[in-house]
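Laboratory data are not the source of any read-out in this text; all were calculated from the coordinates shown. On a predicted model such as this, the values are computed, not experimentally measured, just so you know. As a convention, Cβ positions derive from the backbone with ideal geometry for all residues, glycine included, and neighbour counts pool all protein chains shown.
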Amino acid sequence: MSSKKLLVKGNEAVAIGAIDGGVECYFAYPITPQSDIPEYLSRELVKLGGTFLQAESEIASINMVLGAAAAGKRAMTSSSGPGISLKQEGISYIAGSELPAVIVNMMRGGPGLGGIQPSQGDYFQATRGGGHGDYRTMVLAPSTCQECYDLTIEAFDLAFKYRNPVMILGDAILGQMKEPIVRWKERSIDPNEAIKWCLTGKKGRKQRIIKSLRLEEGSMEALNEKLMKKYKDMEQDIKWEEFMVEDAEVVAVAFGSIGRIVKSTARKLRSKGYKVGVFRPITLFPFPYKQLREVAKKGKRFITIENNTGQMVEDVRLALCGICETEFFANMPGKVSTPEDFIEPIENMFK
Amino acid sequence: MTKVSEKQVFSMPKCLNDVPTHFCPGCHHGIIHRLVAEAIDAFQLEDKAICVGSVGCSVFIYNYIDVDSVEAPHGRAPAVATGVKRARPDAFVFAYQGDGDLAAIGLSEIIHCANRGEKVSIIFVNNSVYGMTGGQMAPTTLVGQKTTTTPYGRSPQNEGYPLKMAELIGSLEGCAFSARVAVNNIKNIIKAKKAIKKAFLAQLKNKGFGFVEFLSACPTNWHLTPLEANKRVETEMMAYFPLGIYKDIVE
């Protein structure tokens, strides 16, 4: 495939990334603001011989993902806030059964039914497991349509690398905005990717059981120890972006679409003579604690900006602990932000 | 001295593991496991079968039947089975669920799986009570039946009526086979065996969804002896849950 530029929505970029990333089975239930993803895949995935199925519920769709993942396929579902809450049981089972899966959350305002406007209110849910029991999902937070495409491809590789659910955490801004992307990956399917552990029927080998029930003495401990090590190993895949951080006096920490908007704010403030940089975590779990701490050691001041009432700021505080503090600016869920919204809070850091 | 030649006329099904059972004395799960294993052997499905386990007493199915298995969350076995079958259409996919799992928390999943006509087979064990959790009311608990959460007996005013799943599933377009059977005597066991085979054939012939409901005894939570429990299946359960075939378009 020659690199091809396309003008698409963030949601479509996720769907195209899924196709080029080798998704074989996609199950989902409609919810705004992510319905472009199932609509795109219902049209395009079936042409490639993949499975598209609109499930009766969010709960059914995540469990269909569980089944297809157990069968060794690249399986995916997508939703937004309220739908992701319904999927949490299944995500916990997928983590407990050590299965790979990609789950997309295009966040909307909450709590409750909330609204369809942008929000980053599901940060805690995404980065702390979200369902019952002691587990984590790997969380990738794109900030552009190109990253929606790139990170969805990467999400499948990471899900299979760690045999763990990987979440793409976007939001309504990202899902609905349109910009050019370069489609660089050619779809290829490795039928033997999961051959060492997946269910195929036991021909030629012993029975395999994929489960999360651990009743035998010591087995629950053993699983949790294994998972803990796995989450530690994931730190080798931590991603983040530093934007004009080197000479910055004030560093704004922001992720996803807000991270991108804050970069525009930083450019504006630079033109007024303020030395502002942006630290943007791309993996939210594992969080780039060490990387942010290294920046803090250089004597910067910090402000954390989120489209919620204060969630990632707790991780920022953990990263900075003992070195310095961070200010926090809450951009309320439901608000569509502009770079101007963040000028005053950052300017105040210089007073 | 006369030479005696021995011929084995009865044996364990090939895919049934010879392991100690966790089921209580008089429980029918063991018989039903055996019938499922016999059907797997009969169609030589051992190497291509994928079993979906559920939550409740039925959860350990994968310890007894020696085929590839995945465990579903409570009630979600038909959705997991859908995922497995769509991912591997050549596999033989079946799930084994109890009444709380299938007819209460998982009612949505079973109805939609059947209605889509998924090419999967579901074995449903109805013993009118939650066994694993200690004898609470099930969606199939009979009116008047005492359980640990209906200490005065199930009352239609408070809890409504027991669900008739074989009839409900049989009414759906996507369903190719639905039957209710019992294993309380030899005659019924033979009929049950035929019903499982028919439900499996619905999948093997690509006709649609196959469903077999088993009326099953739970002496422990019914507070009856195994013999009394076996009798109750006939006297009380069959009166409300009639045995029979509710849909059959397999042949």
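Multiply the residue gap between A:Asp134 and A:Glu235 by 0.36 nm, knock off their C-alpha separation, and tell me the result in nm, one decimal place.
Gain in length upon complete extension: 34.6 nm.
Give the long-range amide H neighbours of B:Ala95: residues separated by 5 or more places, or on another chain, with amide H under 5 Å away, using H modelled in the peptide plane at 1.01 Å from N.
Amide H to amide H, under 5 Å and 5 or more residues apart or across chains, B:Ala95 pairs with B:Val52, B:Ser121, B:Ile122, B:Ile123.
I need the phi-derived Karplus couplings for the range A:107-114: 6.51 cos²θ - 1.76 cosθ + 1.60, θ = phi - 60°, integer Hz, Gly and Pro marked x.
Once rounded to whole Hz, the list reads 4, 10, x, x, x, x, 5, x.
Mind checking which lysines have their Cα closer than 18 Å to the Cα of B:Lys187? Skip sequence neighbours fewer than 8 apart in that chain.
B:Lys197, B:Lys198, B:Lys231
Cα to Cα, under 25 Å, and not fewer than 8 places away if on the same chain: which lysines meet these conditions relative to A:Lys230?
Partners found: A:Lys73, A:Lys87, A:Lys161, A:Lys196, A:Lys211, A:Lys239, A:Lys290.
Hey, if you drop one equal point scatterer on each alpha-carbon of the range A:210-293 and run the Debye formula without solvent, what base-10 log of I(q)/I(0) do you get at q = 0.25 Å⁻¹?
Those come out to -1.11, one per q.
What list of ³J(HN,Hα) values in whole Hz, one per residue of the range B:232-242 in order, does the Karplus curve 6.51 cos²θ - 1.76 cosθ + 1.60 (θ = phi - 60°) give from phi, with Gly and Pro shown as x?
With coefficients 6.51, -1.76 and 1.60, one gets 4, 3, 7, 6, 9, 5, 5, 5, 9, 10, x Hz.
I'd like the FRET efficiency for B:Leu224 and B:Ile190, computed as 1/(1 + (r/R0)^6) with the beta carbon distance as r and R0 of 30 Å, rounded to 0.05.
0.75
Where both partners of a DSSP beta bridge lie in chain B, what percent of those bridges are antiparallel, to the nearest 5?
Of all bridge pairs located within chain B, approximately 20 percent are antiparallel.
Tell me the Rg and the Dmax, in Å, that the Cα atoms of chain B produce.
Rg, Dmax (Cα atoms, Å): 17.9, 74.
Let me know the Rg and Dmax you get for chain A when you use only its Cα atoms, in Å.
20.4, 72
Using a 7 Å offset from the Cα along the Cα-to-Cβ direction at both A:Glu344 and A:Val182, what is the distance between the two label points in nm, to one decimal?
4.0
In sequence order, what are the phi-derived ³J(HN,Hα) couplings for the range B:40-50 according to the Karplus relation 6.51 cos²θ - 1.76 cosθ + 1.60 with θ = phi - 60°, rounded to whole Hz, with x for glycine and proline?
For the range B:40-50, the Karplus curve yields 4, 4, 4, 9, 6, 9, 3, 7, 10, 7, 10 Hz.
Where the only charges are on Cβ atoms (+1 Lys, Arg; -1 Asp, Glu), what is the dipole of chain A about its Cα centre, to the nearest 20 debye?
I would put it at about 740 debye.
Between A:Ser271 and A:Asp157, with labels modelled 7 Å along Cα→Cβ, what's the label distance in nm to one decimal, could you check?
3.7
Excluding residues on the same chain fewer than 8 positions from A:Lys335, give the lysines whose Cα lies under 24 Å from its Cα.
Hits, sequence-local ones excluded: A:Lys9, A:Lys178, A:Lys263, A:Lys268.
Using +1 on the beta carbon of Lys and Arg, -1 on that of Asp and Glu, and nothing else charged, what's the dipole of the protein assembly as shown about the Cα centre, debye to 20?
In debye, rounded to 20, the protein assembly as shown gives about 1040.
For chain B, what does the helix formula give at 222 nm: sum of -39500 (n - 2.57) over DSSP H segments with n ≥ 4, over the residue count, nearest 500 deg cm²/dmol?
-8500 deg cm²/dmol
Sorting A:Ile323, A:Ile195, B:Ile50 on the 10 Å Cβ count, fewest up front, what's the list?
Lowest count first: A:Ile195, A:Ile323, B:Ile50.
With each label point set 7 Å from Cα along the Cα-Cβ vector, what nm distance links A:Glu216 and B:Gln44?
3.3
Given a Förster distance of 45 Å, report the FRET efficiency between A:Lys226 and B:Lys3 from their Cβ-Cβ distance, rounded to the nearest 0.05.
After rounding to 0.05, the efficiency reads 0.15.
May I ask you to derive the FRET efficiency for B:Glu251 and B:Phe10 from their Cβ-Cβ distance with R0 = 45 Å, giving the value to the nearest 0.05?
0.95
Would you pull out the residues with amide H under 5 Å of B:Gly153's amide H, same chain only if 5 or more places away, H placed 1.01 Å from N?
Amide H to amide H, under 5 Å and 5 or more residues apart or across chains, B:Gly153 pairs with B:Thr147.
Could you pull out every residue, at least 5 positions away or on a different chain, whose amide H is within less than 5 Å of the one on B:Ala138? Hs are placed 1.01 Å off N in the peptide plane, and Pro or chain starts have none.
B:Tyr130
With the convex hull built on the Cα atoms of the protein assembly as shown, state its orientation-averaged projected area in nm².
Dividing the Cα hull surface by four gives the mean projection, 33.5 nm².
Semi-axes of the equivalent ellipsoid for the range A:275-351, please: Cα gyration tensor eigenvalues, times 5, square-rooted, ordered largest first, whole Å.
20, 16, 10
Report, in whole Å, the centroid distance computed from the Cα atoms of the range A:297-324 and the range B:89-139.
Cα centroid of the range A:297-324 versus Cα centroid of the range B:89-139: 49 Å apart.
Along the charge dipole of the protein assembly as shown, Cβ charges K/R +1 and D/E -1, which of B:Val59, A:Gly131, A:Ser92 sits furthest on the positive end?
Of the options given, the answer is B:Val59.
Net charge within 13 Å of A:Gly10 by Cβ-Cβ distance, Lys/Arg positive one each and Asp/Glu negative one each, not counting A:Gly10 itself?
-3
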